[in-house]
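**Q** First, the structure itself, so that you have it in front of you.
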Amino acid sequence: MAASPFDLSGKVAVVTGGNGGIGLGMARGLAAAGAAIVIVGRNAAKSRDAAAALTRDGGRAIALTADVTSRTETAQMVKDAVAALGRLDILVNNAGINIRKPPQSVAVEDWQQVIDTNLTSALLCTQAAYPVMKAGGGGKIINIGSMLSIFGASFAPAYAASKGGIVQLTKSLACAWAPDNIQANAVLPGWIDTELTQAARQQVDGLHDRVLARTPAGRWGAPGDLAGIAVFLASRASDFITGTAIAVDGGYSVSG
Ligand code: NDP
């Protein structure tokens, strides 16, 4: 029987923000498909625990500590990943934060922190990964957007700007690096139950019920709901797909 088009055996994936939430959900999917995983975050103990959990489940995983807003730390992280696992085929730019304030109250420091963490980080990590992927014959970049890549939100102007930007960055990476056999795509998760959205539900009145009412699937998403799209976009099954933004949202974005 021919090998599965979704098989990731022999591939190495870096997942930023992979120590919890959506990042860990995607890392689990990639590991189950055969990829070795590099979990990246600032919290070293949390990253080590996540890597240990993947290893216990039969995968191969290591943890590296880096702040994705730092050019030096992201460059070192990619060097260390390649030194430890020999190559780099898949980069998931998932690390992200939100600072919830209306536009009139957003300090420029808040703005900068959200843009640096959610958008500039993706540029820094892809710049570090590009020469390695190119030398290895190709690669897959998966950038995590949001419903706020499409919609606005009164409480999240910087976040929405960062997530709109991630979609446009993805298109540019796709155009620039297609000749190098590197595909870049964005994933737009709907409302997923994680630490990030537990905080959102505490801060934004009525959010939990509004999301439920608008989501045709009738539930909030779980981190595991992102595993399939991660495997698909990391595998040769998606080799002719680049520059797209795919919603994984239980129908939220198509519901009137
Ligand atoms: P979590 O808060 O659970 O996870 C965020 C992750 O990002 C953590 O692993 C954190 O690790 C890491 N991180 C944050 N800042 C940095 C930094 N400066 N350097 C390195 N790592 C960092 O959130 P989610 O899992 O919910 O979110 C993951 C991504 O998905 C984000 O980009 C978010 O915007 C996006 N998203 C989430 C949705 C949801 O409903 N949950 C919906 C749409 C998009 P550490 O603290 O160790 O650094």
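**Q** Here's a check for you: in the range 124-165, which residue that is under 25 Å from Ser255 (Cβ atoms), without any contact (Cβ under 8 Å) to a residue 24 or more places away in the chain and part of a helix (DSSP H, G or I) is farthest from the ligand (Cβ to nearest atom)?
**A** That would be Gly164.
**Q** Can you tell me which residues in the range 185-216 are of a type in the set (Asp, Glu) and surrounded by 11 or more Cβ atoms within 10 Å (Cβ to Cβ)?
**A** The one that is of a type in the set (Asp, Glu) and surrounded by 11 or more Cβ atoms within 10 Å (Cβ to Cβ): Asp193.
**Q** Looking at Asp67, Asp89, Asp49, Asp110, which is the one that is among the acidic types (Asp, Glu), modelled with pLDDT of 95 or more and crowded, with 19+ Cβ neighbours inside 10 Å? Spell out the reasoning first.
**A** Numbers: Asp67 fails: crowded, with 19+ Cβ neighbours inside 10 Å; Asp49 fails: crowded, with 19+ Cβ neighbours inside 10 Å; Asp110 fails: crowded, with 19+ Cβ neighbours inside 10 Å.
Just one listed residue meets the conditions, Asp89.
**Q** Cβ-Cβ under 6 Å, sequence separation 6+ or interchain: first residue in the range 46-70 and free of Cβ contacts under 8 Å to residues at least 40 places away in the same chain, partner away from the ligand (no atom under 14 Å from the Cβ) and among the polar types (S, T, N, Q). Which pairs?
**A** Filtered contacts from the range 46-70: Ala61/Thr55.
**Q** If you don't mind, there's one more thing I want to ask. Among the helices (runs of 4 or more DSSP H) contained in the range 167-236, which hold 2 or more residues that are more than 9 Å from the ligand (Cβ to nearest atom) and either free of Cβ contacts under 8 Å to residues at least 60 places away in the same chain or among the charged types (D, E, K, R) (or both)?
**A** The qualifying helices (runs of 4 or more DSSP H) are 195-203, 207-214.
**Q** Let me ask something else. Could you pull out the residue among Gly41, Gly21 that is within 14 Å of the ligand (Cβ to nearest atom) and on the phi > 0 side of the Ramachandran plot? Working first, answer last.
**A** Working: Gly41 fails: on the phi > 0 side of the Ramachandran plot.
None of the other options fit; the residue is Gly21.
**Q** Additional query: Which condition from (1) modelled with pLDDT under 95; (2) more than 24 Å from Lys101 (Cα to Cα); (3) aliphatic (A, V, I, L, M) is the one that Ala199 breaks?
**A** So Ala199 meets the others, but not (2).
**Q** Could I ask something else about it? Could you say which residue among Phe240, Phe232 is under 22 Å from Leu8 (Cα atoms) and surrounded by fewer than 19 Cβ atoms within 10 Å (Cβ to Cβ)?
**A** The conditions single out Phe240.
The values are calculated or read from the model by the stated rules, or taken from the named source; none is laboratory data. Just so it is clear, the structure is predicted and the values come from calculations on it, not from any experiment. Note: ideal-geometry Cβ built from the backbone for every residue, glycine included; neighbour counts use all protein chains shown.
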